[in-house]
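Participant: The structure's right below; bear with me while I get my questions together.
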Amino acid sequence: MAGVGIRLNRIFEKKSIAADFVGFAYSMAITVTPMFVVIGNILLMGHFLDFDEVPYLERELFSCTVLYTFIFSLLTASPFNAVLSKYMQDAIYEERYQDILPCYYLGLIMNLGLSCLLGAPFCLWEHFVGGVSVFYVFTGFCGYVSLVLVFYSMIYLSICKDYQKISLFFLLGMAVAFVLSLILKFLCGWDVKSSMLFALMIGFFLTAILEFATVKRYFKSNSNRYKPVLGYFKTWWQLVVTNFCYILGLYIHNFVFWTTDMRMELVDSFVCNQPYDMATCLAMFTNISATVIFIARVEMHFHEKYKSYSEAIIGGKGVDIEITKRRMFRQLTSELMTLVRIQFIISVAVFLICVVMLPRFGFAGITMRIYPCLAVGYFILFLMYSAILFLYYFNDMAGSVMTTVIFCAVTLVGSIFATNLPDIWYGIGLVLGAFAGWTTAYARIRWVEKHLTSHIFCRGTLLKQQRTPMPSGKVYDRLAKQRQAEKGSA
């Protein structure tokens, strides 16, 4: 990530309002632009194709299809992404570029296999039980698989620091999707729902193809060494648990409220809770700037302190190691506190705007009563995720697993409890889960600070570890030694 930090430093060092704006825009472009591009494209297609005039059932069917496509493509990718990312980073560090494509292909097969294993039965149920047409079901399934490919290839481009190309590919894909939706509706006579879904599927597929071509262009040789990739899943299983529990925790409170009396069932297949899901979306957007702020500040400030500490370990004196360590953790604490202060101001401002403006656009009632509690929950959640990334810096896998497991479990239990509370407290499960996860992560950071020296210098072994029969405990036989001496004297 150092390349990003260098570019941000060059932008912000000019110390002007224009430079600050450009720096924030660049940070946004490398983090959240793809999400906003997709959402903006769906809104544009809906406006030009008169989506509001479509019958209510068809509108909700399209909305649920897109919702399920995004949620479950993220969930099915979560067990693989972190481990494959770790393998690729190690391969690049060791300059084993020929091992990248085996990692890419094997991870792609596993990701698609799990995604299809979960998606295919649902699509069959949607057609045979729900009565949805084969064409619409197949289009939705292809869009789901295409989005899985998009999210998967983004891992490799992100590690290669090609954030701009990721955003560019999303822009191209969604531009093609928008034009295609107009062609299908006004020239081919398709219905609005099918035009939008098919166009989105083509846009996602084009984005995936562009990402795949870029990965192939970067890494041309193939060593065909697939076994070491599988070995990483055994060695770094904590990354699988951490990433899966974090992604699951993001949506598990929604799943709980999908089982309440507020739920809506469509074609005997899709289940959702429209007021709660909409409040969740608003709460996430209220705090999404935390990701941008964290990336920018860590790249510009913390990474340099971390690099200085690493260099001191390699060739510095003991006093240098201790000084750089203290500076690094002071910077870490400063970044977390700065993130809290800045994000709090932004969240309060966005919250007030939403409370005042959204009722004029039809967002009112129970959605706006659920929204405040969820906004607090997502505020704490993004802080927790920042702390998890710091744990990754120090290779504290146990701490990251503890954080996400506690976060997911407390969110689940708290959300079940919240279903019996007034609607203003429906988001308390996420608040409790995020706070428990944040507390655990921060406590682990402090633990790492106290034990960092032993963690760095006492983790290695002098003898190679291997599985063999236990040797005899006898180290000296006095009688045997005496008989040997007698034979020698004779």
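Participant: How many residues does the stretch 188-215 contain that are under 20 Å from TYR136 (Cβ atoms) and of a type outside the set (D, E, K, R)?
Facilitator: First pass over the stretch 188-215, keeping only residues under 20 Å from TYR136 (Cβ atoms): 188-205.
Next, from what is left, pick out any that are of a type outside the set (D, E, K, R): 188-190, 192, 194-205.
The qualifying residues number 16.
Participant: Still on this structure: Check the stretch 136-152 and report whether any residue there is of a type in the set (Phe, Trp, Tyr), closer than 22 Å to SER63 by Cα, free of Cβ contacts under 8 Å to residues at least 12 places away in the same chain and open to solvent by 20 Å² or more (accessible area, probe 1.4 Å).
Facilitator: The answer is no; no qualifying residue exists.
Participant: Within the stretch 98-122, work out how many residues are over 15 Å from SER153 (Cβ atoms), surrounded by 15 or more Cβ atoms within 10 Å (Cβ to Cβ) and not polar (S, T, N, Q).
Facilitator: Number of matching residues: 6.
Participant: Here's something else I'd like to know. Within the stretch 386-401, count every residue that is within 17 Å of the chain's Cα centre (by Cα) and not polar (S, T, N, Q).
Facilitator: Step one: of the stretch 386-401, the residues within 17 Å of the chain's Cα centre (by Cα) are 386-393, 397, 400-401.
Of the ones still in play, those that are also not polar (S, T, N, Q) are 387-393, 397, 401.
Counting residues in the stretch 386-401 that are within 17 Å of the chain's Cα centre (by Cα) and not polar (S, T, N, Q) gives 9.
Participant: Here are some residues: LEU421, LEU432. Which one is within 15 Å of TYR378 (Cβ to Cβ), among the hydrophobic types (A, V, I, L, M, F, W, C) and surrounded by fewer than 24 Cβ atoms within 10 Å (Cβ to Cβ)?
Facilitator: LEU432
Participant: Can you find, within the stretch 179-200, the residue that is least open to solvent (accessible area, probe 1.4 Å) among those that are in contact with a Leu (Cβ under 6 Å, 6 or more places away or on another chain) and of a type in the set (A, V, I, L, M, F, W, C)?
Facilitator: Only one residue fits best here, namely ALA199.
Participant: Filter the stretch 241-262 for residues that are part of a helix (DSSP H, G or I) and of a type in the set (Phe, Trp, Tyr); which is most open to solvent (accessible area, probe 1.4 Å)?
Facilitator: It comes out as PHE244.
Participant: Still on this structure: With respect to the numbered conditions (1) surrounded by fewer than 22 Cβ atoms within 10 Å (Cβ to Cβ); (2) under 27 Å from LEU114 (Cβ atoms), which one is the sole condition not fulfilled by GLY173?
Facilitator: So the condition that GLY173 fails would be (1).
Participant: Next question. Any chance you could count how many residues in the stretch 381-414 are open to solvent by 20 Å² or more (accessible area, probe 1.4 Å) and modelled with pLDDT of 90 or more?
Facilitator: 8
Participant: Run down ASP99, ASP50 and say which single residue is modelled with pLDDT of 85 or more and touching a Lys or Arg at 6+ places or on another chain (Cβ under 7 Å). Walk me through it before giving the result.
Facilitator: Numbers: ASP50 fails: touching a Lys or Arg at 6+ places or on another chain (Cβ under 7 Å).
Step by step, each of ASP99, ASP50 is checked, and only ASP99 is modelled with pLDDT of 85 or more and touching a Lys or Arg at 6+ places or on another chain (Cβ under 7 Å).
Participant: So TYR218 passes all but one of these: (1) open to solvent by 50 Å² or more (accessible area, probe 1.4 Å); (2) of a type in the set (Ser, Thr, Tyr); (3) within 21 Å of the chain's Cα centre (by Cα). Which condition number does it fail?
Facilitator: (3)
Participant: Next question, about the same structure. Given the conditions (1) at pLDDT 90 or above; (2) closer than 20 Å to ASP261 by Cα, and given that ASP423 satisfies all but one, which numbered condition is not satisfied?
Facilitator: (1) is the only condition that ASP423 fails.
Participant: If GLY316 satisfies every condition in (1) at pLDDT below 85; (2) open to solvent by less than 20 Å² (accessible area, probe 1.4 Å) but one, which is the exception?
Facilitator: Among (1) at pLDDT below 85; (2) open to solvent by less than 20 Å² (accessible area, probe 1.4 Å), GLY316 violates only (2).
Participant: For the stretch 263-282: of the residues being among the hydrophobic types (A, V, I, L, M, F, W, C) and at pLDDT 85 or above, which is most open to solvent (accessible area, probe 1.4 Å)?
Facilitator: MET278
Participant: Give all pairs with beta carbons closer than 8 Å in which a residue from the stretch 218-233 that is under 25 Å from LYS161 (Cα atoms) meets a residue that is open to solvent by less than 60 Å² (accessible area, probe 1.4 Å) and part of a loop (DSSP other than H, G, I, E, B); count only pairs at least 6 apart in sequence or on separate chains.
Facilitator: That search, which allows pairs on different chains as well, returns TYR218/CYS160; SER223/ARG96.
Participant: Out of the stretch 47-97, which residues are open to solvent by 50 Å² or more (accessible area, probe 1.4 Å), closer than 23 Å to PHE198 by Cα and of a type in the set (D, E, K, R)?
Facilitator: ASP50, ASP52, GLU53, GLU58, ARG59 - these are the residues of the stretch 47-97 that are open to solvent by 50 Å² or more (accessible area, probe 1.4 Å), closer than 23 Å to PHE198 by Cα and of a type in the set (D, E, K, R).
The values are calculated or read from the model by the stated rules, or taken from the named source; none is laboratory data. Computed from a predicted structure; not experimentally measured. Note: ideal-geometry Cβ built from the backbone for every residue, glycine included; neighbour counts use all protein chains shown. Only protein heavy atoms, including side chains, enter the accessible area calculation; ligands, DNA and RNA are left aside. Shrake-Rupley method; radii C 1.70, N 1.55, O 1.52, S 1.80 Å.
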